[in-house]
1. Cβ-Cβ distance below 6 Å, separation of 6 or more or different chains: which pairs start in the range 36-50 with a residue that is farther than 21 Å from LEU66 by Cα and end on one that is surrounded by fewer than 19 Cβ atoms within 10 Å (Cβ to Cβ)?
2. Filter the range 51-64 for residues that are touching a residue at least 24 places away in the same chain (Cβ under 8 Å), assigned to a loop (DSSP other than H, G, I, E, B) and surrounded by fewer than 17 Cβ atoms within 10 Å (Cβ to Cβ) and give the result.
3. Against the definition (surrounded by 15 or more Cβ atoms within 10 Å (Cβ to Cβ) and over 13 Å from the mean Cα position of the chain (by Cα)), how does PRO19 come out, yes or no?
4. Within the group SER101, SER81, SER108, which residue is among the polar types (S, T, N, Q), closer than 21 Å to VAL14 by Cβ and under 12 Å from the mean Cα position of the chain (by Cα)?
5. Just checking, how many residues over the range 30-50 are in contact with a helix residue (DSSP H, G or I) (Cβ under 9 Å, 6 or more places away or on another chain), part of a strand (DSSP E or B) and surrounded by fewer than 14 Cβ atoms within 10 Å (Cβ to Cβ)?
6. So for the range 65-78 (the condition being surrounded by fewer than 18 Cβ atoms within 10 Å (Cβ to Cβ) and of a type outside the set (Val, Ile, Thr)), does at least one residue qualify?
7. What number of residues within the range 78-126 satisfy the criterion of being in a strand (DSSP E or B), touching a residue at least 12 places away in the same chain (Cβ under 8 Å) and among the polar types (S, T, N, Q)?
8. Exactly one condition in (1) touching a helix residue (DSSP H, G or I) at 6+ places or on another chain (Cβ under 6 Å); (2) over 21 Å from PRO138 (Cα atoms); (3) surrounded by fewer than 19 Cβ atoms within 10 Å (Cβ to Cβ) is false for LEU114; which is it?
Amino acid sequence: MQKTDELLNYGRNVLEQQPFSRMMGTKLTSLSPDLAELRLVIRPELLQQNGFVHGGVLSYLADNVLAFAGGAAMGVPVVTSEFKLNYVRPAVGQELRARASCASKSKSQAVCTLKVFVVADDLEKLCAIGQGTIARLPDAA
């Protein structure tokens, strides 16, 4: 098992290899077998017509943070197999923070839970919650 610092550096390297994540400006701020956290500064181009962060942005963060949590828990390269996301509050603020942890794992998959928070005036408010299944890549078997 990798040390937390090594795992975080590895995760940041993986994130940097994702062109979409680079375009979004996503930052991996925590990664351990127990927790993954991604942060994203809210910019005008990420909003929908009512001034809320677009649901697709929240969905992207959910997908990615689940994969980081599952991969860290299993210690192997992974992909998202499926996930469900419930939007509970419009995201209006300065930053999004997505956190996920592994609830159950096997050799081939992990089931992880996540929460996405919006930060406004230094307060975190829950804006989405979900769960997903993360699958081990076949060549990592």
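1. GLN48/HIS54
2. Initially, the range 51-64 is screened for residues touching a residue at least 24 places away in the same chain (Cβ under 8 Å), giving 51-53, 55, 57-64.
Checking which are assigned to a loop (DSSP other than H, G, I, E, B) leaves us with 51-52.
Hit for the range 51-64 is GLY51, nothing else.
3. Values: surrounded by 15 or more Cβ atoms within 10 Å (Cβ to Cβ): no; over 13 Å from the mean Cα position of the chain (by Cα): yes.
Against the criterion (surrounded by 15 or more Cβ atoms within 10 Å (Cβ to Cβ) and over 13 Å from the mean Cα position of the chain (by Cα)), PRO19 does not qualify.
4. On the way: SER81 fails: under 12 Å from the mean Cα position of the chain (by Cα); SER108 fails: under 12 Å from the mean Cα position of the chain (by Cα).
Step by step, each of SER101, SER81, SER108 is checked, and only SER101 is among the polar types (S, T, N, Q), closer than 21 Å to VAL14 by Cβ and under 12 Å from the mean Cα position of the chain (by Cα).
5. So the answer is 0.
6. Taking every residue of the range 65-78 in turn, at least one turns out to be surrounded by fewer than 18 Cβ atoms within 10 Å (Cβ to Cβ) and of a type outside the set (Val, Ile, Thr).
7. 6
8. Of the numbered conditions (1) touching a helix residue (DSSP H, G or I) at 6+ places or on another chain (Cβ under 6 Å); (2) over 21 Å from PRO138 (Cα atoms); (3) surrounded by fewer than 19 Cβ atoms within 10 Å (Cβ to Cβ), the odd one out for LEU114 is (3).
Just so you know, all these numbers are worked out from the coordinates, no wet-lab data involved. Keep in mind the model is a prediction, meaning the values are calculated, not measured. All Cβ positions, even for glycine, are placed from backbone atoms using ideal geometry, and neighbour counts span all protein chains on display.
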